[in-house]
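First comes the structure, then the notes that go with it.
Rule-based calculations on the coordinates, nothing more; no lab input. Not measured: the values here are computed from a predicted model. So basically every Cβ, Gly included, is an ideal-geometry build from the backbone, and we count neighbours across all protein chains shown.
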Amino acid sequence: MPLAAARMEPMTATTPGPVRDPAWPLSRSALGLWTMHGAIRSLVAVPLALVAVFAIPDDAPGLVPALRWLVPVLVALYAVVQLGIEPWYRFRVHRWEVTGDAVYTLTGWLTRTWTLVPIARIQTVDVTRGPMQLVFGLASVAVLTASSQGTVRIPHLEADVARRVADDLARRAELVRDEAT
């Protein structure tokens with residue numbers, strides 16, 4: 001069917017609202033977590049820069065000597081992006097919201113992913129805390145559905161907020177299941 005001929009379905013009480021950015025940002029502590037991840041990734045790249053500086057001779061033929069200083073410059077640029085740009089950009093982009101009808105998330109820093117899961121589709125709600133999240137007092141909420149593409153993750157919430165969100169979603173999903181039977 002051509003797009004011009006497609007008709008829009010009317011909104012009903014069970015249809016989630018229009019596509020929009022979710023309302024709530026993640027915890028500000030996520031900035032520290034992302035910065036720590038960036039520092040670890042940057043430190044892994046440092047040996048590459050050291051090998052380039054100390055292993056490439058100045059009198060090597062062709063463009064090889066240029067790599068001696070190009071590799072460290074690229075590693076430094078990588079570190080600047082990982083430590084100074086990515087965490088702030090991700091914090092600005094990542095959003096989440098729970099409404100009466102659905103769970104919304106917006107994630108990504110290079111590729112943005114907007115996800116909506118209707119409350120009626122929720123089967124399981126999990127709260128997880130990785131080792132780095134424990135350090136920063138954070139937790140993630142995973143909302144699972146029967147669909148293989150239906151998992152929504154709300155990363156890096158304050159741990160108490162994550163527990164409250166998970167409890168609320170589990171309660172709402174149970175109410176919807178009770179109404180359906």
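With only Lys, Arg, Asp and Glu charged, each at its Cβ (+1 for the first two, -1 for the last two), find how big the charge dipole of region 36-181 is about the Cα centre; round to the nearest 20 debye.
Numbers: 14 positive and 13 negative charges, 20 e Å.
That gives a dipole near 100 debye.
A Cβ-based charge dipole, computed about the Cα centre of region 95-180 with Lys and Arg at +1 and Asp and Glu at -1, lands at about 280 debye.
Counting other C-beta atoms within 10 Å, which of 156, 37 has the fewest, and how do the rest follow?
37, 156
Note on P(r) over Cα pairs in 10 Å bins from 0, in percent: of the candidates [x] 10, 35, 28, 16, 8, 3, 0; [y] 9, 26, 25, 17, 12, 7, 3, 0; [z] 9, 37, 37, 14, 3, 1, 0, the value calculated from this structure sits at [y].
Per-residue ellipticity at 222 nm from helix content only, as computed over the chain with -39500 (n - 2.57) for each DSSP H run of at least four residues, stands at -14500 deg cm²/dmol. Here the alpha carbons of region 27-114 define both size measures, Rg and Dmax, at 19.0, 69 Å. As a rough guide to protection, the peptides 86-95, 123-132 ranked by mean Cβ packing within 10 Å, highest first, stand as 86-95, 123-132. Look at the Cα gyration tensor of region 95-180: its axes a ≥ b ≥ c give a/c of at least 1.5 with a/b at or below b/c, and that counts as oblate.
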